């Protein structure tokens, strides 16, 4: 593995069997993300973009190939070790925020720190600092149901970044937002990227978002091709 790479996959393939038919979603994908790099992955619905993110995040197992995150090969880890690696080195942002509705914004952002074993007091201090960075400290005590869509997604970014991960995997993070909120969310992610040095892999349909990344890839016919 290149020492400059935070996340890398080699000869990655994923096959399914459905109604007796073999379906290839990904075939022989080779991909690497450097520290602090911003990468966009585009492609039509159903092309396998989310499947690729799940494999890169160790949430699913490839049919062939390997994924290496922060120097560790997911295939050589048990499920508990995978969970620890994800908690320490990855952040996840989805189209739908996936915040826990029964917890406040502060508690949601604190969750990865608590899972890591940090004390509740310290976790809340760090989480509040992150809420300040996304300009939502005044909403810390509000539950997701009391927040706007844009606010919820900013909370989701705060939660993804609170552990200072090596890489954030974002699956259509602006897909459920209006244009103004989408622009604000992407501007926030770029600022946080520059501030923290965290790498970003963003799946998106939006050309305007992809063009803000360092590199753009297209996933077509189970193959990942670099466009720029």
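The values are calculated or read from the model by the stated rules, or taken from the named source; none is laboratory data. The model shown is predicted, which means the values in this text are computed figures rather than measured ones. When we count neighbours, we look across all protein chains shown, and the Cβ atoms used for this are built from the backbone with ideal geometry, even at glycine.
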Task: Checklist (1) crowded, with 18+ Cβ neighbours inside 10 Å; (2) in a helix (DSSP H, G or I) applied to residue 65, failing item - done: (2)
Task: Criterion: in contact with a helix residue (DSSP H, G or I) (Cβ under 9 Å, 6 or more places away or on another chain), assigned to a helix (DSSP H, G or I), modelled with pLDDT of 90 or more and within 18 Å of residue 170 (Cα to Cα) - qualifying residue of 108, 87 - done: 108
Open item on the list: residue 154 - would you say it is more than 23 Å from residue 69 (Cβ to Cβ) and surrounded by 21 or more Cβ atoms within 10 Å (Cβ to Cβ)?
Closed with: yes
Open item on the list: Pairs needed: first member in region 195-207, over 23 Å from residue 9 (Cα atoms); second member anywhere, modelled with pLDDT under 80 and crowded, with 17+ Cβ neighbours inside 10 Å; C-beta distance under 7 Å; at least 6 residues apart or different chains.
Closed with: 206/174
TODO: For region 39-62, name all the residues that are in contact with a helix residue (DSSP H, G or I) (Cβ under 7 Å, 6 or more places away or on another chain) and within 16 Å of residue 92 (Cβ to Cβ).
DONE: 41, 57, 58, 60
Task: Search result, residues across region 2-55 that are in a loop (DSSP other than H, G, I, E, B) and surrounded by fewer than 17 Cβ atoms within 10 Å (Cβ to Cβ) - done: 2, 3, 4, 19, 20, 35, 44, 45, 46
- [ ] Being free of Cβ contacts under 8 Å to residues at least 12 places away in the same chain and closer than 13 Å to residue 6 by Cα is the filter here, so list the residues in region 65-115 that pass it.
- [x] 73
- [ ] Check region 92-111 and report whether any residue there is exposed (fewer than 13 other Cβ atoms within 10 Å of the Cβ) and more than 24 Å from residue 162 (Cα to Cα).
- [x] no
Task: Those strands (runs of 3 or more DSSP E) lying entirely in region 119-228 with at least 1 residues farther than 20 Å from residue 35 by Cα - done: 215-220, 223-226
